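Structure first, commentary second.
Values quoted throughout were computed directly from the atomic coordinates according to the rules given, and no laboratory measurement underlies them. No experiment lies behind these values; they were computed from the predicted model shown. When we count neighbours, we look across all protein chains shown, and the Cβ atoms used for this are built from the backbone with ideal geometry, even at glycine.
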Amino acid sequence: MKRIICLVVLLALIVPFSAFASTTFNGKVTATETVAVLAPFGGTVSGVSLRKGDVIDIGDHIAQIETTRNYAPQAGTVSGIFAMEGDGAGTVTERYGAVMYIEPENKYKISASTDRSYNASENKFISVGERVFLSCVQDGSHVGQGIVTKVEESDESGNCKYSLEVDAGEFYMGETVAIYRRSDLAAASCIGRGAILKNPAIAITGSGSVLRINVSEGEKIERGENLFETVEGTLDGLYAMDSDIISDVAGVVASIDIANGGSTSKGSAMLTVYPKDSFRIEISVSERELSEISVGDKVYIEFDWDIEGTSRCSGTVESISYVSESENSIAQYKAYIRFEPTDDIRLGMSTVIYMAEEAEDTETNE
């Protein structure tokens, strides 16, 4: 008799409490919702490295939406910036004529004519891009150089008007200068005269929304420098964010809706995520078992992969459907159990659910 009692005690010590629990349910890990991460603005997508099934956390990099870069057409000084990051470039341009202005490095231009050129036929023909030499007609004290930027058609007398940009020398505004083809200012190379004018500020425009301004007012810039960057669409609340798109949700990637080199538009889904806080255990409850489980009941969860039972956790019955999911004679109802998933838990994992009271009673009896 003593041997039988000892054997029973020994079995109670080595057999898991789950073997004694009379009510159990088989279940699997599922997610009750998905969340779409939307593009904050439009553009070409790059930097996508995620795959379906990857785990992401808040703050993780999703992708980059490439910007349109607006470059300086020539060197100069930024004289006015009328847009702020987040503004619509088109709206600012309509109001101020440009997103920003640049005072060109070459501050003078000349409106000239061949009317006063040396009397030679070759001096009546001017070419765009010609390098010319300048001297003020008053006393020759101001000299410089320039380049022909525009040539108009000749009139009936054979004279033509043309424009220059001065890139060397200092002159007075409105001063009259003679223009030569030779650096020694030989009279025979004179191709006309013109008046010194101010080279107007260059209007820099753009389209879309200003994401980033890379220069400041009064800054000297070089030709080809990146002045500002724009993206397609409007920015919510006139708020400029970075072109790197960061996740604002933690969970498992359900689908990728973008690809490197593809384009996206504002509000389009970039990817879909199963949020981690939507993980539930889904079980099926027969109509005969409905009396043994209720919303709010505490349960214990064991995972099939966890042979030792070290990852057993508790949960709470969150909901039980009122609509049968079964077409058989015995009705089956879906129930969902809320729990706190660890990093080991994956969607689709198999579980066994024990009612807490029975499990606790079993442990007490042991």
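If packing is taken as the mean number of other Cβ atoms within 10 Å per residue, what is the order of 281-287, 338-344, highest first?
In descending order of packing, they fall as 281-287, 338-344.
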Kindly provide the trypsin sites (Lys or Arg not before Pro) of the range 129-170 that DSSP labels as loop, not H, G, I, E or B, and whose Cβ sees at most 14 other Cβ atoms within 10 Å. none
What 222 nm value per residue comes from the helices of the chain, counting each DSSP H run with n ≥ 4 as -39,500 (n - 2.57) and dividing by all residues, nearest 500 deg cm²/dmol? -2500 deg cm²/dmol
Once amide H atoms are built 1.01 Å from N in the peptide plane, which residues 5 or more positions from F41, or in another chain, come under 5 Å H to H? G267
Under the definition of Cα pairs under 8 Å and six or more residues apart, what whole-number percent is the relative contact order of the chain? 27
Given [x] 39.7, 139; [y] 20.9, 79; [z] 26.0, 84, the label whose value is Rg and Dmax of the Cα atoms in Å derived from this model: [x]
Distance in nm between label sites at S319 and K52, each 7 Å beyond Cα in the beta-carbon direction? 2.5
Most to least packed among 219-225, 188-194 [average Cβ atoms within 10 Å]: 188-194, 219-225
Find, among the GluC sites (Glu not before Pro) in the range 86-163, those assigned to loop by DSSP (not H, G, I, E, B) with at most 12 other beta-carbon atoms within 10 angstrom. E152, E153, E156
Expressed in angstrom and rounded, the centroid-to-centroid distance over alpha carbons for the range 319-342 and the range 267-310 is 10
Residues with amide H under 5 Å of S319's amide H, sequence separation 5 or more or different chain, H placed in the peptide plane at 1.01 Å from N; which? Y336
Checked the range 109-197 against the a/c 1.5 cut and the a/b vs b/c comparison, axes a ≥ b ≥ c from its Cα gyration tensor; verdict prolate
What is the count of Lys pairs in the chain whose alpha carbons sit under 22 Å apart, if the two are 8 or more places apart or on different chains? 23
Between the range 158-236 and the range 69-134, what's the alpha-carbon centroid distance in Å? 3
Beta carbons within 10 angstrom, averaged per residue: use that to sort the peptides 195-203, 260-268, highest first. 195-203, 260-268
